[in-house]
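Student: My questions all concern the structure below.
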Amino acid sequence: MAISPPERRLWWKEPLHRVEIIWIAVAFLWGLVMFFAMVYWHAYGQQNLSNEAYRVVPAAFSEKVEAMVKKYKVGEHKSGMPIVRPPPGADVYMLARTFEWYPILQLENGKSYRLHLSAMDVQHGFSLQPININLQIHPGYEMVLTITPKKIGDFTVICNEYCGLGHHAMTGRIVVIDSTAQQ
Ligand code: CUA
């Protein structure tokens with residue numbers, strides 16, 4: 001108990017019990033394992049992609065998103081959300097705001113894109129399912145990552161950072177299509 005001063009003032013010079021030293025060694029080694037797992041997972045995992053981050057004014061980011069939507073819009077979801085199909089290799093944008101991911105992106109399988117992500121208002125979490133890529137999206141910062149879809153299908157973006165009352169309903173979509181299919 002530490003309420004009263006220790007009997008011997010140099011208590012930290014007491015010899016360590018064997019059990020204590022074992023626990024310290026276990027904790028230290030496990031810390032090392034977890035540390036190198038981060039490095040390993042970045043190099044060999046599919047989930048912690050390399051990304052770049054830039055300062056951006058939300059209004060300027062929004063303008064770039066709108067320009068892409070205007071240029072490459074191919075349709076509209078029944079919710080009114082535009083569906084956008086930029087050409088392979090293009091810079092593609094997805095914007096987070098309470099409570100949606102905008103717009104719906106259509107990307108070709110096996111082609112690379114530069115994906116730009118930013119938030120308009122508060123912090124959101126970009127979680128791409130089911131492959132489980134996770135990024136924190138802040139207003140004022142533009143995250144850029146190079147992605148190459150490897151599987152055809154519908155991918156859901158969910159917000160995994162609490163952002164307000166509509167947080168649970170904040171979902172988005174990325175649709176990966178066959179690159180030989182006609183639009
Ligand atoms: Cu956006 Cu939670």
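Student: In terms of modelled amide H atoms, which long-range or inter-chain residues lie less than 5 Å from the amide H of Glu108?
Tutor: Ile177
Student: Quick one: 3J(HN,Hα) in Hz for the range 31-39, Karplus 6.51/-1.76/1.60 with θ = phi - 60°, rounded, Gly and Pro as x.
Tutor: x, 5, 4, 5, 5, 6, 5, 4, 5
Student: Hey, what D do you get for the chain in µm²/s if you plug the Kirkwood alpha-carbon radius into Stokes-Einstein at 37 °C and 0.692 mPa s? It would help to have the intermediate numbers written out before the result.
Tutor: Working: Rh = 19.2 Å.
Using the Kirkwood radius from Cα pairs, D works out to 171 µm²/s.
Student: Still on this structure, I have one more. What whole-number distance in Å separates the alpha-carbon centres of the range 1-33 and the range 34-64?
Tutor: Each part's Cα centre sits 39 Å from the other's.
Student: Here is a further query. Find the relative contact order for the chain and round it to a whole percent, using C-alpha pairs within less than 8 Å whose residues are 6+ positions apart. If you can, show how the numbers build up before the last one.
Tutor: Values: 335 pairs, mean separation 36.2, N = 183.
Reported as a whole number, the value is 20 percent.
Student: Another question, then. I'd like the FRET efficiency for Thr98 and Lys151, computed as 1/(1 + (r/R0)^6) with the beta carbon distance as r and R0 of 25 Å, rounded to 0.05. Working shown, then result.
Tutor: Values: r = 30 Å, r/R0 = 1.20.
Between Thr98 and Lys151 the formula returns 0.25.
Student: May I ask you to order 24-36, 152-164, 50-62 by the average number of other C-beta atoms within 10 Å around their residues, highest value first? Before the final figure, lay out the partial values.
Tutor: Values: 24-36: 10.0, 152-164: 16.5, 50-62: 13.0.
With the highest mean Cβ count within 10 Å placed first, the list reads 152-164, 50-62, 24-36.
Student: Tell me, what ³J(HN,Hα) does each residue in the range 44-59 have, in order and in whole Hz, if you take phi through Karplus 6.51 cos²θ - 1.76 cosθ + 1.60 with θ = phi - 60° and put x for Gly and Pro?
Tutor: Calculated HN-Hα couplings, in order: 10, x, 9, 9, 9, 6, 5, 9, 10, 9, 10, 6, 8, 7, x, 4 Hz.
Quick note: the coordinates plus some simple rules give every number you see, no bench work behind them. Everything quoted here is computed from the prediction, not taken from an experiment. Note that we place each Cβ from the backbone using ideal geometry, even for glycine, and neighbour counts take in every protein chain shown.
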